[in-house]
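First the structure, in the form of C-alpha cells, and then the observations on it.
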Amino acid sequence: MDAEGLLADELFCFLEARRKEDFSYSHILSSMCTTPHPVAVKAHALFMETNLGDPGLFPGTVSLEDELIRWFADLYHEPSAGGCTTSGGTESNIQVLRFCKAAKKAKNPNIVVPASAHFSFEKACKMMDVEMRLAPLDHEYRMDVNAAGELIDKDTCCIVSVAGTTEYGMTDPIPELGKIAGQEDIHLHVDAAFGGYVLPFLKDAPKFDFSIPEVGSISVDPHKMGMGTIPSGVLMVRDEKVFCNLLVETPYLTVKQAYSLTGTRPGASVAAAYAVSRYFGTKGYTSLVTGCMENTRRLIEGMEAFGVRRKVTPDVNVATFDHVDVPKPWIVSYTRKGDLRIVCMPHVSRDVIESFLADFGEFHVPNTH
Ligand SMILES: *Cc1c(COP(=O)(O)O)cnc(C)c1O
C-alpha cells in the first residue's frame, strides 16, 4: 500500500482501464447473469449504505424485503409462505441444508440430489458433513424418480429437485418427487435459482412451486433472470418455523436473534430486486421471458439448420448442442459432458442471435465425410 493517496481523477482513469479489460455482455452467451435493469441500478444506488443485518436501523429497507417475499409467496401460490433474501442460489441452498440437517438429527445424514444439481450442493454437503447421493437422469436430463426413491433411507434429510437446470435448462418431475417426499416425510427443496423467474411466466410450463403440496422450500435468484443487481437471492419456505433451528443470539444488534448465514447483508440489491418486480409487474416479466424463449427457439432452429443437433428441448432459455467450436469473439460454455451451452439471457437479443448465427455459419464447415 502506498503512503500517499491518489487523486480521484487519476484513480478513476486507472479503474476504468481495468474495467475495460472485462468482457462486455454484448458477446457473452455463457452467463446466467445479465446487465441489470436501469431501474435496479438506480434503486441499488439509493440503498447503497443499508444493512439488513441490523434490521432495526433500516425499517424502510426491511419493509421492501418483506414485500419482495410477499410477491414471491403470491407468485408461487402460497400466500402464507415466508422467506428471506440471500446473496444468491449458493447461500440459499446452504441454508436449506442447514435447517434440514438440524431438523432431522440423523446420525449419518444424507441428501438425494439429481446428477444435474448445481455444485453449490457439493459445497454445502462438504461444509456440513452430509453425504450427497446422486440420482441419475433420464434421457431428457430430468431426475429419475424411481432411482431417487431407491436412494432414500431413514437418514435422508432432504430431496433436492431443480426447476431449470444450470446446464440443460430442464425441470425435474417435481409432483412425482413430492409423492415420495410426502410418503417418507422428507423435506423437498426446489432449486429454482434460474427457473424461478422464468417458469411462472410461461404457458404450459412444468409445475414446480408451492402448488405441489410437498414442496417445502424454493430458491430463486433476482440477479439472474430477475434483472436485479449482484448479489441477490431469495429463499422461500412454506413454513417459516424451519428457520427456528438456525437462530443464534445477536446481543449487540437491534434485533436479539438471527438465522441468516451472513452477518452484514446488503439492502441495496434487495431494493433493486423489489424495484424491478414493481416496475415490470407480471406482465413485464411475461414479455421479457417470452422474448428470451423465442430467441432460444430461433437459436436452436438456426444451429440445426447448420447440422448441429440440439441435446434436448429446454424448459427455460438454456440451449445445448452437440460439441462444436464457435468463432471469436463469442463466449460460450460447455457442459460437464462437453456439450455446447448457450444461455439466452435478456442481453442476448434477437439481433445478437442473428449475428452469432451469421458468424457461426461462416466459421462452421460441416463435416461431409
Ligand atoms: C446459478 C445457480 C445456483 C447458484 O447461484 P449463485 O447465485 O451463483 O450462488 C444454484 N442453483 C442453480 C440451479 C443455478 O442455476
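Every number here is computed from the coordinates shown, using simple stated rules; none is lab data. The model shown is predicted, which means the values in this text are computed figures rather than measured ones. Positions of Cβ are generated from backbone atoms using ideal geometry, with glycine treated the same way; all protein chains shown enter the neighbour counts.
For a footprinting-style exposure proxy, rank ILE152, ILE331 by other Cβ within 10 Å, fewest first. Could you put the intermediate results ahead of the total?
Numbers: ILE152 19, ILE331 15.
Arranged by neighbour count, lowest to highest, ILE152, ILE331 become ILE331, ILE152.
Using unit Cβ charges (K, R positive; D, E negative) and no other charged atoms, how large, in debye to the nearest 20, is the dipole of the chain about its Cα centre? Spell out each step's value before the answer.
Numbers: 35 positive and 48 negative charges, 84 e Å.
Roughly 400 debye for the chain.
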For this session: Quote to one decimal, in nm, the extra length available between ILE230 and THR262 on full extension: 0.36 nm per residue of separation minus the C-alpha distance between them.
Result: 10.0 nm
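For a test of the definition: using alpha carbon positions, the gyration tensor, and the 1.5 limit on a/c, classify segment 1-50 as rounded, prolate or oblate. Mind showing how you got there, number by number?
Details: a/c = 2.92, a/b = 1.40, b/c = 2.09.
The shape class here is oblate.
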For this session: Mind checking segment 104-192 for chymotrypsin sites (Phe, Trp or Tyr not before Pro) that DSSP puts in a loop (not H, G, I, E or B) and that have at most 15 other Cβ atoms within 10 Å?
Result: PHE119
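DSSP loop trypsin sites (Lys or Arg not before Pro) in segment 175-237 with at most 13 other Cβ atoms within 10 Å of their Cβ, which ones?
Numbers: sites: LYS179, LYS203, LYS207, LYS224; in loops: LYS203, LYS207, LYS224.
Those satisfying the criteria are LYS203.
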Problem set entry | Cα pair distances in segment 122-226, grouped into 5 Å bins until the bin that holds the longest one, percent each | 2, 13, 22, 25, 21, 12, 4, 1, 0
Exercise. Which value, in debye to the nearest 20, gives the size of the charge dipole of segment 259-333 about its Cα centre, when Lys and Arg are +1 and Asp and Glu are -1 at the Cβ?
Worked result: 260 debye
Exercise. Summing +1 for each Lys or Arg and -1 for each Asp or Glu, what net charge is found among the other residues whose Cβ lies under 10 Å from the Cβ of PRO327?
Worked result: -2
Exercise. Do any cysteines in the chain lack another Cys Cβ under 4.7 Å, and if so which?
Worked result: CYS13, CYS33, CYS84, CYS125, CYS244, CYS292, CYS344
Exercise. Among LYS107, LYS154, LYS101, what is the fewest-to-most ranking by other Cβ atoms within 10 Å?
Worked result: LYS107, LYS154, LYS101
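Starting from the Kirkwood radius over alpha-carbon pairs of the chain, derive D by Stokes-Einstein at 25 °C in a medium of 0.890 mPa s and give it in µm² s⁻¹.
On the way: Rh = 21.8 Å.
After rounding, the answer is 112 µm²/s.
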Exercise. Assuming R0 = 35 Å, what is the FRET efficiency of LYS126 and ALA305, from their Cβ-Cβ distance, to the nearest 0.05?
Worked result: 0.20
Problem set entry | Cut-off under 5 Å, modelled amide H: who pairs with GLY83 long-range | VAL237
Exercise. Once you put a point 7 Å from the Cα of GLU150 and another 7 Å from the Cα of SER211, both along the Cβ direction, what distance in nm separates them?
Worked result: 3.3 nm
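How long is the gain from ARG70 to ARG297 if the chain were fully straight, where each residue apart is worth 0.36 nm and the alpha carbon distance is subtracted?
Details: separation 227, 0.36 × 227 = 81.72 nm, distance 3.28 nm.
Full-extension gain reported as 78.4 nm.
Sorting ARG309, ARG19, ARG142 on the 10 Å Cβ count, fewest up front, what's the list?
Working: ARG309 12, ARG19 9, ARG142 23.
Listing ARG309, ARG19, ARG142 from fewest to most nearby Cβ atoms yields ARG19, ARG309, ARG142.
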Exercise. On full extension of the chain, what length is gained from TYR279 through ALA103, given 0.36 nm per residue of separation minus the C-alpha to C-alpha distance?
Worked result: 59.5 nm
Exercise. Toward the positive end of the charge dipole of segment 244-305, about the Cα centre and with charges on Cβ (Lys, Arg +1; Asp, Glu -1), which of ALA273, THR286, LEU299 goes farthest?
Worked result: ALA273
